[in-house]
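Throughout, read-outs are computed from the coordinates displayed, never taken from laboratory work. Bear in mind the structure is a predicted one, so any value in this text is a computation, not a measurement. Cβ coordinates were reconstructed from backbone atoms using ideal geometry, including for glycine residues, and neighbour counts include every protein chain displayed.
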Amino acid sequence: SHPIIFDTDPGVDDAQAIAIALRHPEIDLLGLTTTYGNVDIETATHNALLLSELAGRDIPVAQGAAGPMVKPRHPAPAHIHGANGLGNIELPDVKGVKDPRSAAQFIVDTVNERPGEVILVAVGPVGNLAAALQLDPTLTEKVKRVVIMGGSIREGGNVTPVAEANMFNDPHAAQRVLTAGWPLTLVGLDVTHRCVLTQAHMQRIEAGQGELGKVLAGSYAFYRDFYREFLGIDGCCPHDSCALAWLLRPELFTTAPGHLSVVTDGIAEGQTIFAPEGRGFIQERWSQTPLVEVCLEVDGEAVVEWIADTL
Ligand code: BDR
Ligand code: CA
């Protein structure tokens, strides 16, 4: 099974992915690390603790970045995930407490306990991964793989015409993380926008997940309204679950090797720029950053079936 640390800003689609990480028999969830993004950091940590409890699990939850590394923090978008991150549904109290360590320290400790084994799956702004690299630059050789939900290669953005939310929310951290030189896969809007989780899928999930299912279905209803109103889609893109789908069902995805950069300032901030491997560019810098892998295509139907089957 895959030992993973799941770095998240829950978040409706984060909650779906956390549920998969908690339930999938081939995932060994070592910890949840939280970041601001869809919600403020305290809410993110609360939600991570709650989801783990509702699944009857006692998973370490370590709190991380309260804002971006460089740019000013903007308020969380309450109309997408709700002010409480879970569609404004009423939530039970949380009993557990967070790990005393920071998210970055938790990542450093856990990876060093199991060098070569741990997979970091990050589905929010990536400040915690950047901070962990700062604490221990040798992580690049000790992490098995980094899987990131974020960015966009050909699809355009969802926050600006060119920027995806997780990249936009901390472009400086993203630039460090995507060029750090560790084995990395980017699961971006090119594939997540091909996956639509419908009401019918969610009914199956609700039926199968008890207390956790109620929270997933209630928050889904709110997220679905946003998709209907702003995007004209009947259903929701399960962005963050796609990172786990890639890990467990890579055959459903088409990927390509190349070099990534993130625009950190100006009108295109948060844009991910992809230079395919082997394509000669006159400016050599485009082949000098480390090679990574990006997802370009997906069998979206199969991914959402996999999500519903898992849950
Ligand atoms: C990403 O942004 C967040 O709103 C979602 O949780 C997902 O991680 C999609 O762009
Ligand atoms: Ca997220």
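Mind running the shape call on segment 95-210? Use the C-alpha gyration tensor, a ≥ b ≥ c as the square roots of the eigenvalues: rounded below 1.5 for a/c, prolate if a/b tops b/c, oblate otherwise. Judged from the Cα gyration tensor, segment 95-210 comes out oblate (a/c at least 1.5, b/c at or above a/b).
The charge dipole of segment 205-254, taken about its Cα centre with unit charges on the Cβ atoms of Lys, Arg (+1), Asp and Glu (-1) only, comes to about 40 debye.
Count charges around residue 108 for me, please; just the other residues with Cβ under 14 Å from its Cβ, Lys/Arg as +1, Asp/Glu as -1.
On the way: positive: 101, 114, 142; negative: 7, 99, 109, 113, 136, 141.
Combined, the nearby Lys, Arg, Asp and Glu give -3.
Please list the equivalent ellipsoid semi-axes of the chain, computed as the square roots of five times the alpha-carbon gyration tensor eigenvalues, in descending order and whole angstrom. Walk me through the intermediate numbers first.
Details: eigenvalues 150, 97, 70 Å².
Those come to 27, 22, 19 Å.
May I ask for the net charge around residue 117, where only other residues with Cβ less than 15 Å from the Cβ of residue 117 are counted and Lys, Arg are +1 while Asp, Glu are -1? Don't jump to the answer; show the numbers that get you there.
On the way: positive: 114, 142, 144, 145; negative: 26, 28, 109, 113, 141.
Neighbourhood net charge equals -1.
With Cα atoms as the point set, the radius of gyration and Dmax of segment 171-267 evaluate to 16.6, 46 Å.
Taking a ≥ b ≥ c as the square roots of the eigenvalues of the Cα gyration tensor, an a/c ratio below 1.5 marks segment 99-148 as rounded.
Dividing the helix sum by the residues of the chain, where each DSSP H run of 4 or more adds -39500 (n - 2.57), gives a mean residue ellipticity at 222 nm of -11000 deg cm²/dmol. Tell me whether segment 176-218 comes out rounded, prolate or oblate; compute the Cα gyration tensor, take square roots of the eigenvalues as a ≥ b ≥ c, and use a/c under 1.5 as the rounded threshold. Taking the square roots of the gyration eigenvalues as a ≥ b ≥ c, segment 176-218 is prolate. Across segment 1-117, C-alpha contacts under 8 Å between residues 6 or more apart give a mean separation that, scaled by the residue count, equals a relative contact order of 27 percent.
Sorting 149, 69, 202 by the number of Cβ atoms found within 10 Å of their own Cβ, with the fewest placed first, yields 69, 202, 149.
I need the trypsin sites (Lys or Arg not before Pro) found in segment 166-227, filtered to DSSP loop residues with at most 16 other beta carbons within 10 Å of theirs.
Values: sites: 176, 194, 204, 214, 224; in loops: 194.
Of the trypsin sites (Lys or Arg not before Pro), not one in the loops of segment 166-227 has a Cβ with at most 16 other Cβ atoms within 10 Å.
Restricting the calculation to alpha carbons of segment 1-157 gives Rg and Dmax of 14.9, 44 angstrom. Beta-bridge orientation, the chain: approximately 35 percent antiparallel, per DSSP, counting only bridges with both partners inside. Only Lys, Arg, Asp and Glu carry charge here, each on its Cβ (+1 for the first two, -1 for the last two); on that basis the chain has a dipole of about 360 debye about its Cα centre. Please compute the net charge surrounding residue 161, taking Lys and Arg as +1 and Asp and Glu as -1 over other residues with Cβ under 14 Å from its Cβ. Net charge in that neighbourhood comes out at -2. The phi torsions of segment 265-274, fed into the Karplus equation with coefficients 6.51, -1.76 and 1.60 and a -60° offset, translate into couplings of 9, x, 5, 9, 3, x, 6, 9, 10, 10 Hz, rounded to whole numbers, with Gly and Pro shown as x. When we measure straight from the Cα of residue 144, which aspartates and glutamates land under 17 angstrom away, once same-chain ones fewer than 8 places off are left out? Cross-link targets: 7, 26, 28, 109, 113, 117, 136, 293.
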